[in-house]
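The values are calculated or read from the model by the stated rules, or taken from the named source; none is laboratory data. Everything numeric here is computed off the predicted structure, so don't read it as measured data. Cβ coordinates were reconstructed from backbone atoms using ideal geometry, including for glycine residues, and neighbour counts include every protein chain displayed. Just so you know, the surface numbers come from the protein's heavy atoms only, side chains and all, with ligands and any DNA or RNA stripped out. Shrake-Rupley method; radii C 1.70, N 1.55, O 1.52, S 1.80 Å.
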Amino acid sequence: MRYYIADCHFWHAALNDHMDCRGFASVGEMNEHMIECWNRRVRPCDEVVILGDLSWGDAARTTEILERLNGRLYLIRGNHDRYLKDPAFDASRFEWIRDYAELSDNRRKVVLSHYPMACYNGQYRLDEQGSPRSYMLHGHIHDTTDQALLDAWQDMASSTMVTDPGGRRRPVPCHLINCFCQYSGYTPLTLDEWIETDRKRRETQKEREFDGETGVKEGCQGAVCPDQGHIPAQDPGR
């Protein structure tokens, strides 16, 4: 089985109070919670593609985390994966480390980058039923205003009609999925699970906008790990 996840930011204590507002009492509590959620889902033989910013820690602290995570690990390099530059860091825990990759996942192309790409390779490819054959999986933007802007871009693209090579009028396919760890309760998900998670997230956002809320909320929402209780929020969410 192959899973995907982005922006775990192990050892990044500030994310409990700023930007993500994860709401853990300490960075140690956050690390333990994320490791537990990860290992509950991932078996040693499973693959996990990490879409950048795995750890804020140094070489030693990041190695400590990596030794406890199940699975065969593949890393798309993020802008905060600074431990990779440390000569003391042993990268052998990763099957590979790349800035960009394209893989096949159940007959679908997945384009992988830490940074979202509005126009990605294979974007217009559809199967016989008109379903997408290519997805762009990314991280980097967490749950910020940039996510709202990217959602608006996808809405605009998907409402724009073009003529395909067969002469049929179709909306522009646009399937970017932010695999931000908080969206999945800190649990790596399969491609199909991320597709469904993204659909539900966007539906919820549209309901908020319909109710008079605009953009993303300010403050902190907390998070939920599957099969565990809610991590309480300190303030309303962003």
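Angle of helix 145-158 to the longest C-alpha principal axis of the chain, folded into 0 to 90 degrees and rounded to 10: 20°.
When nucleic acids and ligands are ignored and a 1.4 Å probe is applied, Arg2 ends up with an accessible area of around 50 Å². For the chain, the relative contact order comes to 22 percent (Cα pairs under 8 Å, sequence separation of at least 6).
Multiplying the residue separation of Glu67 and Asp192 by 0.36 nm and subtracting their alpha-carbon distance yields 42.2 nm. Within the set [x] 17.5, 55; [y] 19.2, 59; [z] 18.2, 58, the number that Rg and Dmax of the Cα atoms in Å takes when calculated for this structure is listed as [z].
Database remark: amide H of Leu126 closer than 5 angstrom to the amide H of Arg133 (H placed geometrically; neighbours at sequence offset of 5 or more, or on other chains; Pro and chain starts carry no H). Here r is the Cβ-Cβ distance between Gln129 and Arg40 and R0 is 35 Å; the resulting FRET efficiency, rounded to 0.05, is 0.55.
Just to confirm, what accessible area per residue do you get for the chain at 1.4 Å probe, in whole Å²?
49 Å²
Per-residue SASA remark: Glu67, around 140 Å² accessible (1.4 Å probe; ligands, DNA and RNA not included). For the chain, modelled as a GNM whose springs connect Cα atoms under 10 angstrom apart, the maximal fluctuation among Met19, Met136, Met161 occurs at Met161. Of Tyr115, Tyr3, the order by accessible heavy-atom surface (1.4 Å probe, DNA, RNA and ligands excluded), from most exposed downward, is Tyr115, Tyr3. Stokes-Einstein diffusion of the stretch 146-194 at 25 °C, 0.890 mPa s viscosity, Kirkwood radius from Cα pairs, rounded to a whole number: 191 µm²/s. For the stretch 1-62, which whole-number percentage of the solvent-accessible area (1.4 Å probe, protein heavy atoms only) is attributable to carbon and sulfur atoms? In the stretch 1-62, the share of accessible area belonging to carbon and sulfur is 54 percent. Normalised size of the stretch 50-91, defined as Cα radius of gyration per 2.2 N^0.38 Å with N residues, equals 1.05. With contributions of -39500 (n - 2.57) from each DSSP H run of at least four residues, the per-residue ellipticity at 222 nm computed over the chain stands at -8000 deg cm²/dmol. Here each label is just a point 7 Å from Cα along the line to Cβ, and for Thr160 and Thr144 those points are 2.4 nm apart. Here the Kirkwood formula, the inverse mean of 1/r across different C-alpha pairs, assigns the stretch 3-103 a hydrodynamic radius of 13.8 Å. Within the stretch 74-211, all pairs of alpha-carbon atoms sorted by distance into 5 Å bins from zero give the percentages 2, 9, 16, 21, 19, 14, 9, 5, 3, 1, 0, 0. Relative to the longest principal axis of the C-alpha atoms of the chain, give the angle of the C-alpha long axis of helix 191-210, reported between 0 and 90° and rounded to the nearest 10°. Here the helix axis deviates by roughly 80 degrees. Remark: accessible surface ordering of Leu51, Leu84 (largest first) is Leu84, Leu51, probe radius 1.4 Å. Here's how it looks for Arg72: its modeled amide H is under 5 Å from those of Asp46, Glu47, Val48, which are all 5 or more places away or on a different chain.
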